[in-house]
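What follows is calculated from the coordinates using simple rules that are stated; it is not laboratory data. All of these numbers come straight from a predicted model, not from anything done at the bench. Heads up, the Cβs are rebuilt from the backbone with ideal geometry, glycines too, and the neighbour counts pull from every protein chain shown.
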Amino acid sequence: MVDFQLTDCIETQKRLLALTYMLPGNFTIGSARKGHLTMVSRVIPVDTFDLVIFGGTGDLARRKILPSLFRRYCAGQVPDGSAIIGVARGEMDDMSYRQMVAEAVREYGGGRGCEDGTLDHFLERVAYQTVDALGDRGWPELAKRLTAAHIRNFYFSVGPSLFGALAKRLRKYGMTTPDCRVVVEKPFGRDLATARALNQTLAEHFEERQIYRIDHYLGKETVQNLMAIRFGNVLFEPLWNSQYVDHIQITVAESVGIGGRGEYYDDAGAMRDMVQNHLMQLVCLIAMEPPARFEPDAVRDEKLKVIRALGPVAHHHISRGQYGPGEDGTPDYRTAAGNPRSTTESYVALKAEVQNWRWAGTPFYLRTGKRLKARSSVINVVFKNLQHSIFGEEAGSHTNILSIRLQPNEGITLRVTIKEPGPGGMRLIDVPLDMTFAEALGAEAEDAPDAYERLIMDVIRGNQTLFMRGDEVEAAWAWTDPIIAAWEARGDVPKPYDSGSAGPGDAEQILARDRREWIGFTP
Ligand code: BG6
């Protein structure tokens, strides 16, 4: 282990801090050997900004946006003079809004690691403006709250039907600048036609370089790590193709149900809610060619090529499910959705094919669902068996598997084959080379910024790498639409599955037909 060193480098540019730590760390191989690790963490300064949150009293603002901003403030990344302006239709003054923000920060953990008194300082930067999105009330007052020299960011944390109205009024009241940014949330449409219409609406008021479409999975530390693992190591990339990879499994399992989001979810289902965006992004990062540079359009061009290479999915390569009641008394899907006849899926598994030179013949099996036995997102890259074993048949067949755990227990495990210790011939066993990031990287890994923290600061820095481009979203819908249309045409009814299970039984069949099986998921 390296000796503990801490090097603090504090540059003060107003309140901007740049901290550099050298932290102690270790990684384990199995659990036997310790190694060395040096980590550098930096808080990158941003310019003074104004951030206007439309939907400033809504669920997303309270759960994610405001607590994330507070944490960035605590980290020293919110420069003095910056303003955070919550906007909504309801009447409220600055003081009441600040109180709401303070409650949100306390409730949703925004204050982790922050000192006493910091919240009060943060709240001084927070204000509220009542605005009528469809009328003229409040807009001139909002315009007066903005400072000419600041980077302007408009966060549309509202339904997509309001995007056009907001954009029009921002322009009418002189708030848009050539450098301003607009942030939009998913769902970005519910099919290709609606996504195109939204893109057109935004394009009437903003250039593509100003539009930040959030998929919060791209802000997750471990999701970005996929690129680091692939393109930062020489080890994996030569094997990262259909010659060596037998198949890939992507599981995003949730133990929670649809909660209070029944109306939205019942209209969307797992395909629209998770596969079209989050799982699609994971497929892209696993399958894409190395971009020439880690730059927004270079990365997004490569992701787009993957989406466009996805083949159509045959009916028998899909499993749809809907969860039943939980043993602990939690309601079944239909009750939670308030729709006793609902045919919306809360689970989907499918076999996808990336039809290009690198991946032809290597299936990507995807599955995601709610009320499953564990919350667990993991990608398993299953390598091909040896062409020839010098150890004979009795040594059995062994498979190398690279498992990338996205959440929880973030880390990677490589299953390798070794000799079973002891006399009695050459017996082979598979053992894990395991690295759990929290163990290896210590406090730094545990305190990694939440996806929203990273993404919001990227907006302010003007870095679009982790945001979806318009053509990417459209291509994802173009692949998803025929799958959903086929269900609708057939009147497909999802199979029931038990809450707390691994999902419907026919998801097993998708792999069984290919003589494969799902790798179990655990938290
Ligand atoms: C959201 C979906 O985008 O992602 C939710 O709308 C889902 O249904 C959530 O629960 C999962 O996100 P995470 O970060 O908890 O994996």
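Data table
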{"item": "Solution diffusion estimate, µm²/s, Stokes-Einstein, region 110-268, Kirkwood Rh from C-alpha pairs, 10 °C, viscosity 1.306 mPa s", "result": "80 µm²/s"}
{"item": "Cubic angstrom per residue, convex hull over Cα atoms of region 386-500", "result": "285 Å³"}
{"item": "Hypothetical label at Arg145: residues of region 208-236 whose amide nitrogen lies under 19 Å (7 Å Cα-Cβ projection)", "result": "none"}
{"item": "Rounded to 10°, Cα long-axis angle of helix 451-461 versus longest principal axis of the chain", "result": "50 degrees"}
{"item": "Cβ-derived FRET efficiency at R0 22 Å, Arg261 paired with Glu107, nearest 0.05", "result": "0.75"}
{"item": "Under 13 Å from Lys351, Cα to Cα: aspartates and glutamates that are on another chain or at least 8 residues apart", "result": "Asp506, Glu508, Asp514, Glu517"}
{"item": "Cross-link partners of Lys419 among aspartates and glutamates (Cα-Cα below 19 Å; sequence separation of 8 or more within a chain)", "result": "Glu393, Glu394, Asp430, Asp434"}
{"item": "Gain upon complete extension [Leu162, Ala489; 0.36 nm per residue less C-alpha separation]", "result": "114.6 nm"}
{"item": "Of all DSSP beta bridges in the chain, antiparallel share, percent nearest 5", "result": "55 percent"}
{"item": "Entries in Lys186/Lys373; Lys172/Lys370; Lys172/Lys303; Lys186/Lys495; Lys305/Lys370 that, when Cα-Cα distance is taken, lie over 32 Å", "result": "Lys172/Lys370; Lys172/Lys303"}
{"item": "Spatial separation of Cα centroids for region 129-148 and region 424-475, in angstrom", "result": "38 Å"}
{"item": "Computed [θ] at 222 nm, deg cm²/dmol, the chain (DSSP H ≥ 4; -39,500 (n - 2.57); rounded to nearest 500)", "result": "-8500 deg cm²/dmol"}
{"item": "Computed FRET value (nearest 0.05) for Glu124 with Arg375, which takes r as the C-beta separation and R₀ as 45 Å", "result": "0.75"}
{"item": "Nearest-ten-degree value, helix 192-205 long axis tilted from longest Cα axis of the chain", "result": "40 degrees"}
{"item": "Cα pair distances exceeding 19 angstrom across region 458-523, given as percent", "result": "65 percent"}
{"item": "Likely footprinting exposure, Tyr155, Tyr347, Tyr108, fewest C-beta neighbours within 10 Å first", "result": "Tyr108, Tyr155, Tyr347"}
{"item": "Between helix 470-490 and the chain: long-axis angle, C-alpha atoms, 0 to 90°, nearest 10", "result": "60 degrees"}
{"item": "Kirkwood Rh in Å, taken over the chain so that all alpha-carbon pairs contribute", "result": "25.0 Å"}
